[in-house]
Each structure stands twice: as structure tokens, then as C-alpha cells.
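Here the structure is laid out as C-alpha cells; the discussion comes afterwards.
Just so you know, all these numbers are worked out from the coordinates, no wet-lab data involved. Worth saying up front: this structure is predicted, and the values here are computed from it rather than measured. Cβ placement follows ideal geometry from the backbone for every residue including glycine, while neighbour counts extend to all protein chains displayed.
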Amino acid sequence: MTNVVTNDMSIVIGGEAGQGVESSGAGFALALSRAALHVFALQDYRSRIRGGHNFFQVRISEEPRLSHSNPVHLLLALTPETVQLHLDQLAEGAAVVFPESFEIDPEPLRKRGVHVASLPLIRIAEEHGSRLLTNTAALAAAAGITGFPLEFMEGVLRDSFASKGQQTVDANLNAARAAHNLAKERYGADYRYKLAPVKGAPRRMLMHGNQALAMGALAGGCRFMAAYPL
């Protein structure tokens, strides 16, 4: 592996509506933010509750970023369709992470110089309690292939699932560790885009636009607002 690029990349997580794409992407963005990295996240979704393609894009840097960007350096595909829909966005040297049970032709990816990172994500999820842990396994695989320390993601998992009990927390942590280690072992050495915590940087807040608007209004002296929710 040559020309390693550290802390300057764009990640896309794609899947169907109702598959937890937004919550997974937001959790990963929070883990990156806790490592003192600057993140800019974009949620794209169709106007339906279930079905249809959704994706969540995260731009990562050591410097402030004010927009998402192309090309994409890492794609987490929770459906086979995701690979086809985002193929043209992938940079040379990018990687696509997907469950090995998906029937995906690797040749179009390899012709573009893209690493094919097929992993037993669904099996890992089921072995640790439930197929619902597949998203956790996929995100941990992303951390593994980029060399990002799992401890930041573990903290987010503990915070996110604490209300559901220790058994649920442990299941997510164990699935994450298994996927992280396997992805790092299989594909980490050949993948050039890496993520690392920024030492000595101040703690940052991560918020979406609605939260920023509300906090700005409060800071500006607003004490009452009446509005129709739609």
C-alpha cells in the first residue's frame, strides 16, 4: 500500500428506508466527532416509510468542512442495489463493504480500482444475537478497514443502547469487535484511506440543522415559539 491518506475522506452508508441507515450514519459521525475529527453529514431519503433507497454521507477531515463531497472513498452497502447506485461516485482506491451473502459481481468494481471487501456481516450479527446487529457490524468493519480505534464507536453503542439493557449493549459490542477485527485483518493493509483521532484538539458538538437553529434562537433570547409541526 502506498500514498496513505489520513483523515480526509468521504463515507456513504446506503440501504432501504426502515433499515436504520440514518441512525447508523449519525452514530458513526458521532464516534468520529468524539475523536476530534470534523464531520459534515448529509442524510438523503425518499418520501416513504419503508422501501426505496436511502443513504447517509459523512465528510471527514481535520479541518472544518461546510459541505459533503465526491468522490466517495468508502461505501457501506446494506443492500445489493446500493453498490450499483453509487458505483459512479467511487474514487480509485475506494472500498465497498457488504455482506458476503449478497450476489454482487466484483468485476465492475475491480475495473475501477475499487477494493471489494466482502465480509460475513449477517453471520456475525446472528452469531451475537440477531440479524438486527448487521448495521453495527458494518460500521465496525468500516472502522476496522480504516484503522479507526473501536473505542469511540463502543462509547456511542453504550450510550445508544443503554436504555435497552446490558444484554443488548453487550451484543452490539461483541458484534462490533468481531467485525472490526476481521475487516482489519482481511482488508486493512491494502486500503489506503485511514482514520485516526486528533490529539490535543478541543471537544466538539455534533448537531443537525434543527438543533443548531433551536440553540441559536435560545442563545439569541427567544423564550417562546408557537408553530404547526408540519
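Computed values, structure above
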{"read-out": "Relative compactness, the range 5-219, computed as alpha-carbon Rg over 2.2 N^0.38 Å", "value": "0.97"}
{"read-out": "Positive-pole candidate from Val198, Ile122, Pro99, dipole of the range 80-230, charges at beta carbon", "value": "Val198"}
{"read-out": "Listed residues Arg110, Arg59, Arg177, most fluctuating in the chain (Gaussian network, C-alpha, under 10 Å)", "value": "Arg110"}
{"read-out": "Mean separation of Cα contacts under 8 Å, 6 or more apart, over the residue count of the range 19-124: relative contact order %", "value": "18 percent"}
{"read-out": "Difference of contour (0.36 nm per residue) and Cα-Cα distance, Glu127 to Gln166", "value": "12.3 nm"}
{"read-out": "Contour excess over end-to-end distance, with Cα ends at Ala219 and Asp159 and 0.36 nm allotted per residue", "value": "18.9 nm"}
{"read-out": "Folded to 0 to 90 degrees: helix 166-187 orientation relative to the chain principal axis, Cα", "value": "50 degrees"}
{"read-out": "Percent of beta bridges antiparallel (DSSP, the chain, rounded to nearest 5)", "value": "50 percent"}
{"read-out": "Label point 7 Å beyond Cα of Asp44 along Cβ direction - residues of the range 97-127 with amide nitrogen under 18 Å", "value": "97"}
{"read-out": "Unit Cα scatterers, Debye sum, the range 108-202: log10 I(q)/I(0) for q = 0.10, 0.15, 0.18, 0.22 Å⁻¹", "value": "-0.29, -0.61, -0.81, -1.05"}
{"read-out": "Residues Arg110 and Leu206, FRET efficiency given R0 of 45 Å [Cβ-Cβ distance, rounded to 0.05]", "value": "0.80"}
{"read-out": "Using alpha-carbon coordinates, inclination of helix 209-219 to the longest axis of the chain, degrees", "value": "30 degrees"}
{"read-out": "Quarter of the Cα convex hull surface for the range 19-125, i.e. its orientation-mean projected area (nm²)", "value": "7.5 nm²"}
{"read-out": "For the chain: relative contact order, % (alpha-carbon pairs under 8 angstrom, 6 or more apart)", "value": "22 percent"}
{"read-out": "Choice from Pro71, Pro202, Pro149 with maximal GNM fluctuation in the chain (Cα, 10 Å cutoff)", "value": "Pro202"}
{"read-out": "Largest to smallest principal axis extent of the C-alpha atoms in the range 134-190, angstrom", "value": "38, 16, 13"}
{"read-out": "Gaussian network model of the chain, Cα within-10 Å springs - most flexible of Leu75, Leu213, Leu109", "value": "Leu213"}
{"read-out": "Folded to 0 to 90 degrees: helix 134-146 orientation relative to the chain principal axis, Cα", "value": "70 degrees"}
{"read-out": "Under 14 Å, Cβ to Cβ, from Asn135 - net charge with Lys/Arg +1 and Asp/Glu -1", "value": "-2"}
{"read-out": "Cβ-based exposure ranking for Tyr45, Tyr193, in which fewest neighbours within 10 Å come first", "value": "Tyr45, Tyr193"}
